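Asker: There's a structure below that I have some questions on.
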Amino acid sequence: MAECDPACCDGNFGKQSACEEKTTRVLEGCIPLPLPDEIISEIVPKAKDYALLHGAGMRFKDTYNPDILQMAPFFLLPSAFPRREFDRVVKLQPLINILMHRIAHDHEFLESALKNTIRVDDFTAKLWEIYLTVREEGVSQDLSLGLVRSDVMLTKCHAGCCELCQTPPYVTGHQVEVNTIASGFGHMGPISGSIHRYVLGELRKPELLHHLPENNALAELCGGMISAWEIYGNKKAVIMFVIEDVTYNICDQRFHEYEIRRQRPDIHVIRRNLTQISKNGKLTNDKRLIIDGDEIAVVYFRAGYEPGQYHSEKEWEARLTIERSKAIKSPSIQYHLAGTKKVQQEVARLGVLQRFLLESEANLVGQLFTGLYSLDLGPEGDEVIKMAMENPDRFVLKPQREGGGNNMYGDEIKEFLEKVKDTPAREAYILMDKIRPPMQHNYLVRGGTEVKLSEVVSELGIFGVLIGNEKEIMINKFAGHMLRTKLSSANEGGVAAGFGALDSVFLFD
Ligand code: ADP
Ligand code: MG
């Protein structure tokens, strides 16, 4: 029997079948590589210009200047992605939307999932306090606008464990997380596809264009905000984007504004950070939210997901003022809590999905999950810690944070658990099986660095839009996609956080 390589079999040590399919771990790209040097030197400047001139830009932290945009890093070619898996996650998205919506409205579940976390994680505790305050006062706006993004990576699955991993291409999608706040790349997703359409055209490969799926993420997400604005029902009211003090990922945000203007020239968008809202925001007696004289119909949070965005109590007061108001929020506080990593881990427990979905639906969604483990104090958590310390390379350790760059990997996990293993501090974290996506080859195009062929892995984000309250769901749909790719040697892939680069999918059968 062949030796099983722990690096290839996703923890299925000892199962020969897991390693036999090792060859499937490299996906074939959209065209044979490498490209001749003369083609690269002709195509890269064209692709860079296309990216810059179509808003694939960012402001960079190290050279921040609001007057200067730099090209966002991107991959020269679209990355291969199996059509079967793409179609599967697209079809599942309305169910993921419903799942998140129902979790957000299940007080008992949220309370029991988060009760230990909020004792040790101050940030989640603050969110929880706002949630409870609004709940006790009586909610003024029972509708939520869900603009969610479910992120998945391909993995070889647990070879032989389900029908998906027994049929070609022998990979399946596993969910990394569901984002319920500030799910970015509604613009960057589609624009990456259009860079690749252009590049394939310039490479004189128009016959490949049908492998690139259409992507209406920007129109759909903005359409969701417009629907919420209509439901709010005041023609004079505006949409407010809650923004960071300094916005690096400016193109992605501004294009949302421009798209709203394109679809509805009569709707105005304003942008404010939490400090400005704390100074200039008021609630009327009937709970309308007024900022600098404008009534706010819809609040779209592009900030507020990390502790550093709340400088003082003032910003927390601003968040509470927004939650108390009858503006329709994306996300409402309960949606924000439903998107925490601790909740994700509790939902992945055996049988819990059935609390929110029909048995048949739960089975479909459950196939997306990979192992998630609680570190709460007690024998179950002790076992998990032992397992993680024995094999740290098999896992990712996650705090309750968003935005990239917060997780721990490998030896870092071991060192950290050694420190916290006997304290409640461990309850602020969850452990997750490390997903090992198949590699492929692509050219990273990044300003100021040489373009070279690299081994890369991708993460697909599927957007969903939902509007509803506890009793009724008025809109629920799939809303486009995005793909981020990183060097296979990197742990994390956030583009804004500096780890990954823009990409798009090239579907193959
Ligand atoms: P964040 O909220 O910071 O985006 P994520 O859970 O998405 O947190 O993790 C950030 C990144 O870390 C992901 O985009 C992915 O590249 C990597 N990552 C997270 N979880 C896993 C996992 N289970 N297996 C492999 N990589 C992961
Ligand atoms: Mg993420």
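Asker: Given Cα pairs under 8 Å that are at least 6 residues apart, what percent is the relative contact order of the stretch 374-434? Kindly include the intermediate steps, with their values, before the conclusion.
Answerer: On the way: 84 pairs, mean separation 27.7, N = 61.
Worked out over the stretch 374-434, it gives 45 percent.
Asker: What residues qualify as long-range amide H neighbours of Lys434, i.e. H under 5 Å apart, gap of 5 or more or another chain, H built at 1.01 Å from N?
Answerer: Amide H neighbours of Lys434, under 5 Å, 5+ apart: Phe395, Val396.
Asker: Select from Ile322, Ser312, Ala479 the residue farthest towards the positive end of the dipole of the chain; place +1 on Cβ of Lys and Arg, -1 on Cβ of Asp and Glu, and compute about the Cα centre.
Answerer: The residue sitting most towards the positive pole is Ile322.
Asker: Might you tell me the accessible area per residue for the stretch 374-434, computed with a 1.4 Å probe and given in Å²? Present the calculation step by step, with values, prior to reporting the outcome.
Answerer: Details: 2750 Å² over 61 residues.
That works out to 45 Å² per residue.
Asker: Whole-Hz ³J(HN,Hα) for each residue in the stretch 427-439, computed from phi via Karplus 6.51 cos²θ - 1.76 cosθ + 1.60 with θ = phi - 60°, x for glycine and proline: what do you get?
Answerer: Residue by residue, the stretch 427-439 yields 6, 7, 10, 10, 10, 9, 4, 6, 8, 10, x, x, 8 Hz.
Asker: Taking 0.36 nm per residue of sequence separation and subtracting the Cα-Cα distance, how much length would be gained by fully extending the chain between Ser488 and Ile290, in nm to one decimal? Please report the intermediate quantities before stating the final value.
Answerer: Values: separation 198, 0.36 × 198 = 71.28 nm, distance 4.73 nm.
Contour length minus Cα-Cα distance gives 66.5 nm.
Asker: Could you let me know the centre-to-centre spacing of the stretch 108-161 and the stretch 445-479, using Cα atoms, in angstrom?
Answerer: Value for the Cα centre distance between the two parts: 19 Å.
Asker: Name the long-range amide H neighbours of Phe508: under 5 Å, sequence gap of 5 or more, or other chain; modelled H, no Pro or chain starts.
Answerer: Placed amide hydrogens put Phe81, Arg83 under 5 Å from Phe508.
Asker: So for the chain, averaging the separation of alpha carbon pairs under 8 Å that are six or more residues apart and normalising by length, what relative contact order in percent results? Before the final figure, lay out each step's value.
Answerer: Working: 1003 pairs, mean separation 129.1, N = 509.
Relative contact order for the chain comes out at 25 percent.
Asker: Among Met387, Gly405, Val420, which residue has its Cα furthest toward the positive end of the charge dipole of the stretch 374-434, with +1 on Lys/Arg Cβ and -1 on Asp/Glu Cβ?
Answerer: After comparing all options, I get Gly405.
Asker: What is the dipole size for the stretch 39-188, taken about its Cα centre, with +1 at each Lys and Arg Cβ and -1 at each Asp and Glu Cβ, in debye to the nearest 20?
Answerer: Working: 15 positive and 18 negative charges, 117 e Å.
Roughly 560 debye for the stretch 39-188.
Asker: What full-extension length gain, to one decimal in nm, is calculated for Lys205 and Asp49 as 0.36 nm per residue of separation minus the Cα-Cα distance? It would help to have the intermediate numbers written out before the result.
Answerer: Working: separation 156, 0.36 × 156 = 56.16 nm, distance 1.96 nm.
Once the chain is fully extended between Lys205 and Asp49, it gains 54.2 nm.
Asker: If one computes the Cα centroid of the stretch 295-369 and of the stretch 383-398, what distance in Å separates the two points?
Answerer: 27
Asker: Which whole-Hz ³J(HN,Hα) couplings does the stretch 39-50 yield from phi under the Karplus relation 6.51 cos²θ - 1.76 cosθ + 1.60, θ = phi - 60°, glycine and proline marked x?
Answerer: Once θ is set to phi - 60°, the couplings for the stretch 39-50 become 5, 4, 6, 7, 7, 4, x, 5, 5, 4, 4, 4 Hz.
Asker: Within 10 Å, at most 11 other Cβ atoms, and a DSSP state outside H, G, I, E, B define an exposed site. Report the longest part of the chain free of exposed GluC sites (Glu not before Pro).
Answerer: Working: sites that count: Glu3, Glu214, Glu450, Glu472.
The longest uninterrupted stretch comes out as 215-449.
Asker: How big is the shadow of the Cα convex hull of the stretch 374-434, averaged over all directions, in nm²? Before the final figure, lay out each step's value.
Answerer: Details: hull surface 14.6 nm².
The directionally averaged projection comes out at 3.6 nm².
Asker: Same structure again: What is the gain in length, in nm to one decimal, between Asn216 and Lys235 on full extension, counting 0.36 nm per residue of separation less the C-alpha to C-alpha distance? Kindly include the intermediate steps, with their values, before the conclusion.
Answerer: Details: separation 19, 0.36 × 19 = 6.84 nm, distance 2.60 nm.
So the chain would gain 4.2 nm between Asn216 and Lys235.
Asker: Here's a follow-up. Quick one: which residues, 5 or more positions from Ile328 or on another chain, have an amide H under 5 Å from its amide H? H modelled 1.01 Å from N in the peptide plane, none for Pro or chain starts.
Answerer: The list, which skips near neighbours in sequence, is Val298, Val299.
Asker: Same structure again: Project the alpha carbons of the stretch 81-208 onto their principal axes and report the range along each, largest first, in whole Å.
Answerer: Here the spans come out as 62, 38, 26 Å, largest first.
Asker: Asn406: net charge of surrounding residues, Cβ under 11 Å, Lys/Arg +1, Asp/Glu -1, itself excluded? Walk me through the numbers on the way to the answer.
Answerer: Numbers: positive: Lys341, Lys398, Arg401; negative: Glu306, Glu402, Glu492.
Local charge sum for Asn406: 0.
Asker: For a quick check of understanding: with a 1.4 angstrom probe and all protein chains in place, what accessible area in square angstrom does Tyr64 have, to the nearest ten?
Answerer: Surface open to solvent at Tyr64 totals about 90 Å².
Asker: Taking the square root of 5 times each eigenvalue of the Cα gyration tensor, what semi-axes in Å does the equivalent ellipsoid of the stretch 68-142 have, largest first? Walk me through the numbers on the way to the answer.
Answerer: On the way: eigenvalues 262, 87, 40 Å².
In descending order, the three semi-axes are 36, 21, 14 Å.
Asker: Mind running the shape call on the stretch 297-451? Use the C-alpha gyration tensor, a ≥ b ≥ c as the square roots of the eigenvalues: rounded below 1.5 for a/c, prolate if a/b tops b/c, oblate otherwise. List each step's numbers first, then the result.
Answerer: Numbers: a/c = 1.38, a/b = 1.21, b/c = 1.15.
Rounded.
Asker: About the Cα centre of the chain, what is the dipole size in debye to 20, counting +1 per Lys and Arg Cβ and -1 per Asp and Glu Cβ, all else neutral?
Answerer: Details: 59 positive and 71 negative charges, 225 e Å.
The dipole of the chain has a size of about 1080 debye.
Asker: So how strong a dipole does the stretch 374-434 carry about its Cα centre when Lys and Arg Cβ are +1 and Asp and Glu Cβ are -1, to the nearest 20 debye? Show your work: numbers first, answer last.
Answerer: Working: 9 positive and 14 negative charges, 34 e Å.
In total the dipole reaches around 160 debye.
Asker: Between Glu390 and Ser194, what is the label-point separation in nm under the 7 Å Cα-to-beta-carbon projection?
Answerer: Each label point lies 7 Å from its Cα, and together they span 5.3 nm.
Asker: Turning to a different aspect of this structure: Nearest 500 deg cm²/dmol is fine: what mean residue ellipticity at 222 nm does the chain get from its DSSP H runs of n ≥ 4 alone, each adding -39,500 (n - 2.57), divided by its residue count? Mind dumping the intermediate values first?
Answerer: Numbers: 16 runs with 179 residues, N = 509.
After summing the helix terms and dividing by the residues of the chain, the value is -10500 deg cm²/dmol.
Asker: At 10 °C and 1.306 mPa s, grab the translational diffusion coefficient of the chain from Stokes-Einstein with a Kirkwood Rh over Cα pairs, rounded to a whole number in µm² per second. Each step should come with its number before you reach the end.
Answerer: On the way: Rh = 23.6 Å.
Calculated translational D: 67 µm²/s.
Asker: Based on the Cβ-Cβ distance from Glu163 to Ile39, what FRET efficiency comes out when R0 is 51 Å, to the nearest 0.05? Write down the numbers at each step before the final one.
Answerer: Numbers: r = 41 Å, r/R0 = 0.80.
It comes to 0.80.
Asker: Let me ask you something else. Return the carbon/sulfur percentage of the accessible area of the chain, one whole number, probe 1.4 Å, all protein chains in place.
Answerer: Carbon-and-sulfur percentage of accessible area, whole number: 50.
Asker: Trypsin sites (Lys or Arg not before Pro), restricted to the stretch 432-495: which are DSSP loop and have at most 11 other Cβ atoms within 10 Å? Mind showing how you got there, number by number?
Answerer: Values: sites: Lys434, Arg446, Lys452, Lys471, Lys477, Arg484, Lys486; in loops: Lys434, Arg446, Lys471.
Answer by residue number: Lys471.
Asker: Under 11 Å from the Cβ of Ala297, count the other residues' Cβ atoms, weight Lys and Arg +1, Asp and Glu -1, and hand me the total.
Answerer: For residues surrounding Ala297, the net value is +2.
Asker: Hey, with R₀ at 51 Å, roughly what FRET efficiency would Met439 and Leu358 work out to, going by the Cβ-Cβ distance, to 0.05? Write down the numbers at each step before the final one.
Answerer: Details: r = 37 Å, r/R0 = 0.73.
Rounded to the nearest 0.05, the efficiency is 0.85.
Asker: Shifting gears a bit: In nm, give the distance between the simple-model label positions of Phe60 and Thr423, each being 7 Å from the Cα along the Cα-to-Cβ direction.
Answerer: Going from the Phe60 label point to the Thr423 one covers 3.8 nm.
Asker: Picking from Ile462, Gly493, Ala228, whose Cα lies most toward the positive end of the charge dipole for the chain (charges on Cβ: Lys, Arg +1; Asp, Glu -1)?
Answerer: Working it through, the farthest residue towards the positive pole turns out to be Ala228.
Asker: Could you tally the net charge around Asn216, taking each other residue with its Cβ under 15 Å from the Cβ of Asn216, Lys/Arg +1 and Asp/Glu -1? Each step should come with its number before you reach the end.
Answerer: Working: positive: Arg149, Arg197, Arg262, Lys477; negative: Glu214, Glu220, Glu259.
That works out to +1.
Asker: Each residue of the stretch 203-218 in turn: what ³J(HN,Hα) in whole Hz from Karplus with 6.51, -1.76, 1.60 and θ = phi - 60°, glycine and Pro shown as x?
Answerer: Once rounded to whole Hz, the list reads 7, 6, 10, x, 5, 8, 4, 5, 7, 9, x, 5, 9, 9, 4, 4.
Asker: Which residues among the stretch 225-241 fall inside the zone where the amide N is under 12 Å from a point 7 Å beyond the Cα of Arg264, along Cα→Cβ?
Answerer: Under 12 Å, as judged by backbone N against the label point of Arg264, lie 225-240 of the stretch 225-241.
Asker: Nearest-5 percent of antiparallel DSSP beta bridges in the chain? List each step's numbers first, then the result.
Answerer: Details: 55 of 75 bridges.
Once the DSSP bridges in the chain are tallied, antiparallel ones form about 75 percent.
The values are calculated or read from the model by the stated rules, or taken from the named source; none is laboratory data. Note that the structure is a prediction, hence the values are computed from the model and not measured. Reconstructed Cβ throughout: ideal geometry from the backbone, glycine too, with neighbour counts over all protein chains shown. These area figures cover heavy atoms from the full protein model, side chains too; ligands, DNA and RNA do not enter into them. Shrake-Rupley method; radii C 1.70, N 1.55, O 1.52, S 1.80 Å.
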